[in-house]
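What follows is one structure encoded as structure tokens, with my remarks underneath.
None of the figures in this text is laboratory data; all of them are computed from the coordinates on show. All values derive from a computational prediction rather than experimental measurement. Cβ sites come from the backbone with ideal geometry, for glycine too, and all protein chains shown count toward neighbours.
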Amino acid sequence: MPGDINLPELKRGWKLGFGDDDEFIDYFFSHYDSDDTRSVVRDDNGCIIAQLHCYLFYDAVCNDKGCYIYGVTTLPEYRGKGIAAEMIKNLLLDLNGSGVAYAVLIAENAVLQRWYEKLGFVKSTPIIEVKGQDDNMNFAMDDISKNQGMYYIFKPEITRFTPKIPISCT
């Protein structure tokens, strides 16, 4: 429900999913979160149990639109039920119909890479940098060598991508 978001629930889910400190979480949600960049899943009581964030950007390398998927997490007690996979599949369906050429994300480890591969993502480049366009916020791991990029292609003619993705603030 756009505009009907419980921010403490979102922040709690983020903290449980990623373990980031409160300062980063507060900054992220005050500068990069909006109804347009976020999807959530709720339980039967209306509580947020899963979230993902996505950002459209222009890729000058392929001369088309891309989407960066970020912050995919599910509360621990709801994991293993296919909730995040369903969120990703729905997002990919929406993106495919919107003229976006590709979606990209960074899989933190080999287990997540295999999980995303099952959803159709492929490893394409070993390193991706994702930075806030206005404030240079790092959207990936501090050790850039761990930023394993994975792509989902909507337009097969697109074969080259930018390794430096600019994300706009809300």
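For Gln148, which sequence-distant residues (separation of 5 or more, or a different chain) have an amide H within less than 5 Å of its own amide H, given hydrogens modelled in the peptide plane?
Those qualifying (amide H under 5 Å, at least 5 residues apart or on another chain) are Ala107.
Expected output is a single nm value to one decimal: the length gained when fully extending between Lys118 and Asn136, i.e. 0.36 nm times separation in residues minus the C-alpha distance. What is it?
Between Lys118 and Asn136, full extension yields an extra 3.3 nm.
For Thr37, Thr159, Thr125, what's the fewest-to-most ordering of other Cβ within 10 Å of each Cβ?
Listed from fewest to most nearby Cβ atoms, that is Thr159, Thr125, Thr37.
Name the lysines eligible as straight-distance cross-link partners of Lys118: C-alpha to C-alpha under 24 Å, and not fewer than 8 places from it in the same chain.
List returned: Lys65, Lys81, Lys89, Lys146, Lys155.
Place a point 7 Å from Cα of Cys169 in the direction of its Cβ. Which residues in region 101-139 have their backbone N less than 20 Å from it?
130-139
Could you please rank Ser39, Ser145, placing first whichever residue has the fewest other Cβ atoms within 10 Å of its Cβ? Please list the in-between numbers first.
Working: Ser39 17, Ser145 8.
Lowest to highest Cβ neighbour count: Ser145, Ser39.
State, in angstrom, two size descriptors of region 93-140 derived from its alpha carbons: Rg to one decimal place and Dmax to the nearest whole number.
Cα radius of gyration and Dmax of region 93-140 are 12.9, 34 Å respectively.
Hey, in the GNM for the chain with a 10 angstrom Cα cutoff, which one of Asp94, Asp44, Asp21 fluctuates hardest?
Asp44
If you split all Cα-Cα distances of region 7-167 into 10 Å bins from zero, what percentages do you get per bin, shortest first?
Binned Cα distances yield the sequence 10, 41, 39, 10, 0.
Assuming 1.567 mPa s and 4 °C, estimate D for region 86-170 with Stokes-Einstein, Rh taken as the Kirkwood radius over Cα pairs, in µm²/s.
My calculation gives 95 µm²/s for D.
Report, in order of residue number, the helices in the chain meeting two criteria: a C-alpha extent of 18 Å or more along the helix axis, and a mean Kyte-Doolittle hydropathy of at least 0.5; treat each whole DSSP H run as one helix. Could you put the intermediate results ahead of the total?
Details: long enough: 83-96 (20 Å, 0.84).
Sorted by number, the helices that extend far enough and score high enough are 83-96.
How big is region 3-92 on each of its three principal axes, counting only the C-alpha atoms and giving the largest first in Å?
Computed over region 3-92, the largest-to-smallest principal extents equal 43, 30, 25 Å.
Please report the antiparallel percentage of the DSSP beta bridges confined to the chain, to the nearest 5.
Values: 24 of 31 bridges.
In the chain, DSSP labels about 75 percent of beta bridges as antiparallel.
Once each part is reduced to its C-alpha centroid, what is the distance from region 127-151 to region 37-113 in angstrom?
Here the two parts' Cα centres lie 16 Å apart.
For a quick check of your reading of the filter: which GluC sites (Glu not before Pro) in region 14-122 sit in a DSSP loop and have no more than 16 other Cβ atoms within 10 Å?
Answer in residue order: Glu108.
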